[in-house]
Structures are given as structure tokens and as C-alpha cells.
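Following: one structure in C-alpha cells, then a few remarks.
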Amino acid sequence: MVPNEGDVATEKRKAEDYIVTKEKKTKKKKKKPVATPRPACSWVYFSREFIKEYSASHPESSGLKAATKAASDAWKCMSFEEKAKYTNHAREVWDNYLSTTPARTPKPRKQTKLVTRCSPGRLFNVLQRLTPEQKTAVKSMGFGSLLDLRCRTLRRSLCLWLLERFNTTRRSLEICGERIPLSPNDVEHVMGLVASGKDVVNSGPDDLIADLRYSFNATNRGISVRLLEERLAAPEAGEDFKRSFVLYALGTLLSPTARLDVSPSFLHFLTNMDVVHQYNWGKFLLDRLVREVSRFRQGKQRAVGGCLLFLQLFYYESISVDGPGPLATAVVPCLSSWGEEEITERERRERELGGYGLGEVICKERCLGMEPSECRDQLDCPPVHSTTTTVVPGPTFGQEGNQADKAKMNGQITMREEDMPILIRSKDVVCGDIEVVVDSVRMACRNREYGCNETVDYINNFHEETCTYAPCSCPLPDCNFVGSTDQLSLHFSSKHWDSGRRFRYNVPLAVSLRMKEQFLVLQAEEDGVLFLLNKSVESIGNTVMLTCVGPSSSKARFLYDLVSVRGSSCLRLKSVTENFPERLEGFPPMDFLLIPFLYISCSGHINLEVCIWNSTDIDADCP
């Protein structure tokens, strides 16, 4: 059979397609230019040489693992002089790398997405299934406000926006051109958790909670949230229910961590359920929020812990998007005022304005309709015994008696402060139909809970920026304590007495830092001040610096001397400490001592001599 012209054309077309497809497959992809690798360290050069010799002299060895182990043992036993050959070679290669390799262009960072374990919807679903007896038990522990929870989802875009403007050092939100401080009283106002009482301490000997850990199947990762949900599904309302509820509320809403499970350290304050209602839960929630946000910013965890719902509702209550006009009566706690419908409407108004932070900052303590004592507590203001103002006669005061009638006729009325509901917008106080212009509103310093007794001006508040009672955090990573410098000193000496070194001013102290040890806490015997001897590893050695744990605004400075000796050689740094309220991660711009690897002892320790002078003797010389 003779093929026709159509068949020939089809076959020809198929052959061409096959050739093109084959060329595409065999065509080599262009390789991306590979950046020059970073040079190896002295150990790598030694191990390469040693393993070659070891493999040649030990043909019966079991492979690379045995040779590497032998190289490691040999390296540890070598002296500095023996290592100098490889150290000098590594340094030469490194210097050549720095001088010839062009600077790397940093990759643009992608927009951060909010990852959090804070899940109000999960707690909301559990609350709906509680029996009346269980709800009574929840109220007896001081968590009754959570029963009115109506919000089931977080507005993640708002939370991310707030986190970018959350100053963890000052504990404030810097939004709308103003700095709005946060305090445990704000937690009570928003979440309904008491902001007074004993501190919540989630640390202690593990043997005290061994039985509870076993009861909740606690592992090193934590306590399973699903296990707690199963326990809360049971109808009983005894101690086991109370303990499970507190753990579940903390792990899903009030104090979640970066992990999916609940921290077993919470069991320390749940050994006696009869005193749970006496704890200062407002302070605990705020302290944990500050700690978790700080850890997130330092890159220690991918997810953001802490109660982000508090930040969200606090923003709604503090920023008005309704424009000028009378404010609505506030409901305390605010938690019960915000459901899904209200939040959706609020988000719509935010979009109409053009985004977050374009509203008007109002006084967050909206006390209209509250008890007078609650009003004063929320406002943090000293009581004003009387206020005189001008009013227009009307039916509002129609039944006040003879004195009130005379006051109406004269156009004047005198009211006691405790009988007058207060609402502040900037400098105006609104009380029903009465408007009073106040020249200056005084309030307690936000560091009152840490011992400050000063009263400051609400508008022109310059004291808090230099307040010596500003809170400082415990430098140990597993401790959440926050307090003034005096409180922190007592806390560290009583709780962590075995986790640091005590010293005396003007007297040299010999210390030794292990290679994996990032810092050492030093505490003065005279006044209990805490210092941090920080260490970090760089490519050519270790950097060591000394900082003081204290408010950044503190003017106290301490002269110090760091000395590292190797044979007849000596490295020395004489400088003045800087104050930081918490342990810093990274490399702050301050003086440091660079100690080459040659100065490390055979046991892998950095031996130093530290001398710190008291700030009153800053011109003295080290003995």
C-alpha cells in the first residue's frame, strides 16, 4: 500500500515534535552561580589530615566514624602550641576570604505571617458544654468572666499590626502618635481577671508536682490539650475539673506558648486549688505576654505566645472610630461586649477610615455606670473632694430637694467625686449632662505595683520615662519574674541563689565560662545588684562584655575590668556598664573584649578575672 501525501505529512510532523522534545530534555539547565563557601575552622584542617593518616595506618578500622572519634580525642589532648599550625592556617584562609570575597547581598525578607496558639474559639466551644455546677466552680476560682466570652476568632492582621507597635520594655502600645501604657489593671478591665493578690509562681522543685505530672501524662513537651478537653467533657466539678479548666484556659487563651501543648510548669501553682482565686492573674497574663513577644522578636520561637485577644480588645476599647460625640456606656469587663458581629462591624469601620491606627485615642478607663470604687481604681487618680460647674436647669435635677433647687437657681451645683460617674476624653470630663474642663488630671505612676508612689500628670507624663522602679526581668530563661531592681535582687538571691556568682565591689573575681555557656549572673554582696557577663562566639574568637540589669533610664554606672591571661600574654578591657532591663540576645553596640581561641583552656573553658567598682568609687583603681 502506497502512503498518500497526508500520511507522509503527519509522520514528518511527529518526527519533528519528537526531535524538539528530545532536545528540551537533553538541554542542560543553567546552573546558578555558587557563592564562595565560608572557610573551615582549624579543627576541620586537622581532622582531614589526621583521618588520612589514621585510615592508612588502621586498615581494619570500621570506617569514618571511628577515625573521626580518634581525631576528636587527639585534638582535645593537643596543646595550644601543637594546634597553632592549624589555627594559623585557618586564620590565613579566613583573612584571604574576607579580603577577596564580595559582600553578600541580603535576601529581602518575606512579610511575616502571624502564627499563634491563642485560640479563643477552642475555649468558647468548651464553655458551651459546661454544666451549671461546673460554671459555679469556674466562678469560685475567679475565672467567671471567661464564661461571658463571645469572640471566637482573632483578627490576625490587627494582632500583627499591634505586635509591631508593642514596646515590651516600656510595656506600652505606641499607636496613633501616642504611647498607651499597659498594666495589670487593664487586664482586669478587659479580661475580668483580678489584678491584685499573690504573685503566680510557676517554678519550684519537680518532686512536688511529680504526682500531678503523672496524672496529666505530662511529658517534656507538655500536657496534651486534647487530654484536657476529654477531662472537661466529664460532668464532675471537683478539684480535677478545676485544675484541668485552669490548664486549658491558660494553654488556649490566657497564656499559650509557642507549642501546641500546655506547659507543665503551670502545675506548680495548681497544687492547692483553694488559693487559686487569691492569685494576681492580671499581672501574670501581662508578664507572660511580654515574655512571649520578646522571645518571638529574638527569634527563639516561630509562633507568638501570650494572650493576643487581650491586645485586640484593648485596642478596640482604647481607639474610637466613631468620630466626635458622646461615648457609649462601657461594660466591664469588656470581654463580654465584643462578639463576632461587633468585631466584624468594627473592622468594617476601620477599613472605611483607611486602616488601623487612624481613629482617636480615648481614655481606656470608661467608667460610666460602674461603682465609684471601681471608677477610682480604673482611673488611678487621687480623689477630688468636690467639683463645681455650670449647668442648665432641666428635668435631670428636678427631684434633688431644696439644696439642689437653690443650686439650679444660682446656676451652680457642687457634687462629691465619689457620687459622680467619670468619663475622660483627653482633658474633658463628661458626667451625664455635665461637662467639666479639667486643667490637669493626676494619676499614679504605672510602676506603682513595683513600689513607685509618685503621682504623675496624665497628659504631660515625664516621670515614667525616668522612673527608677521600671520593671526588669529575671535573666534566667525559664523564669518569668518581673519586678523592680530591688524586687529582682531579692527574688534572685532567694529563688536562684545557686545559679550565679556573688562578688564584692573593688575585689577581683576569678570566673570560668564553658564553651556552651552564653552568660553568667553576678550579684553584688553589698547591694544585691545583678550583672550579666555575656559571651558569644565569633569566627575568630569569643566576645565577652558586662552589662547591668536595671532600667534603661537609670543613671547608675559601674566601672569594670575584664582580664584574660595566657602565659605571659594578657588581654584587658576597662569600661563602664550599660543598663538593660532584660538579658539581651545578639550583639549590642557597646564595648567588648575579644578573646582569640588560643586563650581557651584545654578543658574548653574561658578563664577571666572580673573586677567591678561601685558607682560611688568610679575613679578608683583596681587592686
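The values are calculated or read from the model by the stated rules, or taken from the named source; none is laboratory data. Remember, predicted model here, so these are calculated numbers, not experimental data. Positions of Cβ are generated from backbone atoms using ideal geometry, with glycine treated the same way; all protein chains shown enter the neighbour counts. Areas reflect the complete protein model, heavy atoms only, side chains present, ligands, DNA and RNA absent. Shrake-Rupley method; radii C 1.70, N 1.55, O 1.52, S 1.80 Å.
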**Report entry** Unmet criterion (only one of (1) in contact (Cβ under 8 Å) with a residue 60 or more places away in the chain; (2) out of contact with any strand residue (DSSP E or B) (no Cβ under 8 Å at 6 or more places or on another chain); (3) open to solvent by 30 Å² or more (accessible area, probe 1.4 Å)) for Thr219
**Finding:** (1)
Report summary line: Among Asp619, Asp591, the single one that is in a loop (DSSP other than H, G, I, E, B), out of contact with any Pro (no Cβ under 7 Å at 6 or more places or on another chain), at pLDDT 80 or above and surrounded by fewer than 19 Cβ atoms within 10 Å (Cβ to Cβ) is Asp591
Query - Filter pass, Val200 being surrounded by 18 or more Cβ atoms within 10 Å (Cβ to Cβ), in contact with a strand residue (DSSP E or B) (Cβ under 7 Å, 6 or more places away or on another chain) and either on the phi > 0 side of the Ramachandran plot or part of a loop (DSSP other than H, G, I, E, B) (or both) - result: yes
Report task. Could you grab me the full set of residues in segment 530-542 that are in contact with a Phe, Trp or Tyr (Cβ under 8 Å, 6 or more places away or on another chain) and aliphatic (A, V, I, L, M)? Result -> Leu530, Leu532, Leu533, Ile540
Report summary line: Filtering segment 175-197 down to residues that are assigned to a loop (DSSP other than H, G, I, E, B), open to solvent by 30 Å² or more (accessible area, probe 1.4 Å) and under 20 Å from Val138 (Cα atoms) yields Val194, Ser196, Gly197
Report task. Only residues that are within 20 Å of Gly567 (Cβ to Cβ), without any contact (Cβ under 8 Å) to a residue 40 or more places away in the chain and in contact with a helix residue (DSSP H, G or I) (Cβ under 9 Å, 6 or more places away or on another chain): list them for segment 40-87, please. Result -> Met78, Lys85
Query raised in the report: Within the group Leu532, Leu520, which residue is open to solvent by less than 10 Å² (accessible area, probe 1.4 Å) and either under 30 Å from Thr87 (Cβ atoms) or at pLDDT 90 or above (or both)?
Result: Leu532
Requested in this report: List every residue pair whose Cβ atoms sit under 6 Å apart, with the two residues 6 or more apart in sequence or on different chains, where the first one lies in segment 237-252 and is in contact (Cβ under 8 Å) with a residue 40 or more places away in the chain and the second, anywhere, is open to solvent by 10 Å² or more (accessible area, probe 1.4 Å) and of a type in the set (Ser, Thr, Tyr).
Outcome: Thr252/Ser119
Requested in this report: Report, by residue number, each residue of segment 545-572 that is among the aliphatic types (A, V, I, L, M) and more than 32 Å from the chain's Cα centre (by Cα).
Outcome: Val563, Val565, Leu571
Requested in this report: Return a yes/no flag: does segment 227-237 have any residue that is touching a Pro at 6+ places or on another chain (Cβ under 8 Å), open to solvent by 10 Å² or more (accessible area, probe 1.4 Å) and of a type in the set (A, V, I, L, M, F, W, C).
Outcome: no
Query raised in the report: So which residues in segment 280-304 are within 11 Å of the chain's Cα centre (by Cα) and of a type in the set (D, E, K, R)?
Result: Asp287, Arg288, Arg291, Glu292, Arg295, Arg297, Lys300
Requested in this report: Quickly run through segment 557-575 and pick out the residues that are open to solvent by 60 Å² or more (accessible area, probe 1.4 Å) and either closer than 19 Å to Arg514 by Cα or among the hydrophobic types (A, V, I, L, M, F, W, C) (or both).
Outcome: Val565, Arg566, Cys570
Query - Answer residue from segment 470-499, given it is in contact (Cβ under 8 Å) with a residue 24 or more places away in the chain and among the small types (Gly, Ala, Ser) and is most open to solvent (accessible area, probe 1.4 Å) among those - result: Ser493
Report task. Pull up segment 144-166, narrow it to residues that are among the polar types (S, T, N, Q) and in contact with a Gly (Cβ under 8 Å, 6 or more places away or on another chain), then point me to the one that is most open to solvent (accessible area, probe 1.4 Å). Result -> Thr153
Query raised in the report: Under the condition of being out of contact with any helix residue (DSSP H, G or I) (no Cβ under 6 Å at 6 or more places or on another chain), modelled with pLDDT of 85 or more and not β-branched (Val, Ile, Thr), which residue from segment 541-556 is surrounded by the fewest Cβ atoms within 10 Å (Cβ to Cβ)?
Result: Asn542
Report task. Confirm whether Pro39 is surrounded by 13 or more Cβ atoms within 10 Å (Cβ to Cβ) and at pLDDT below 85. Result -> yes
Query raised in the report: So, of the residues in segment 264-279 that are under 23 Å from Val190 (Cβ atoms) and open to solvent by 10 Å² or more (accessible area, probe 1.4 Å), which turns out to be nearest to the chain's Cα centre (by Cα)?
Result: Tyr279
Report summary line: Scanning segment 120-148 for residues that are of a type in the set (Asp, Glu) and more than 31 Å from the chain's Cα centre (by Cα) gives Glu133
Query raised in the report: Quick check: is even one residue across segment 133-143 out of contact with any strand residue (DSSP E or B) (no Cβ under 6 Å at 6 or more places or on another chain), in a helix (DSSP H, G or I), open to solvent by 40 Å² or more (accessible area, probe 1.4 Å) and among the hydroxyl-bearing types (Ser, Thr, Tyr)?
Result: yes
Query raised in the report: Of Glu538, Glu609, Glu585, Glu578, which residue is surrounded by 15 or more Cβ atoms within 10 Å (Cβ to Cβ), modelled with pLDDT under 85 and among the acidic types (Asp, Glu)?
Result: Glu585
Query - Condition met for Arg557 (among the charged types (D, E, K, R) and touching a Cys at 6+ places or on another chain (Cβ under 9 Å)) - result: yes
Query raised in the report: Is it true that Val190 is modelled with pLDDT of 90 or more and touching a strand residue (DSSP E or B) at 6+ places or on another chain (Cβ under 6 Å)?
Result: no
Query raised in the report: What pairs come up if the first residue lies in segment 285-307 and is open to solvent by 10 Å² or more (accessible area, probe 1.4 Å) and modelled with pLDDT under 90, the second is of a type in the set (Lys, Arg) and in a helix (DSSP H, G or I), and their beta carbons are under 7 Å apart, counting only those six or more places apart or on different chains?
Result: Gln301/Arg295
Query raised in the report: When you look at Ser318, is it under 15 Å from Leu182 (Cα atoms) and open to solvent by less than 20 Å² (accessible area, probe 1.4 Å), yes or no?
Result: yes
Report summary line: The lone condition Ala510 fails out of (1) under 17 Å from Tyr599 (Cα atoms); (2) buried (at least 16 other Cβ atoms within 10 Å of the Cβ) is (2)
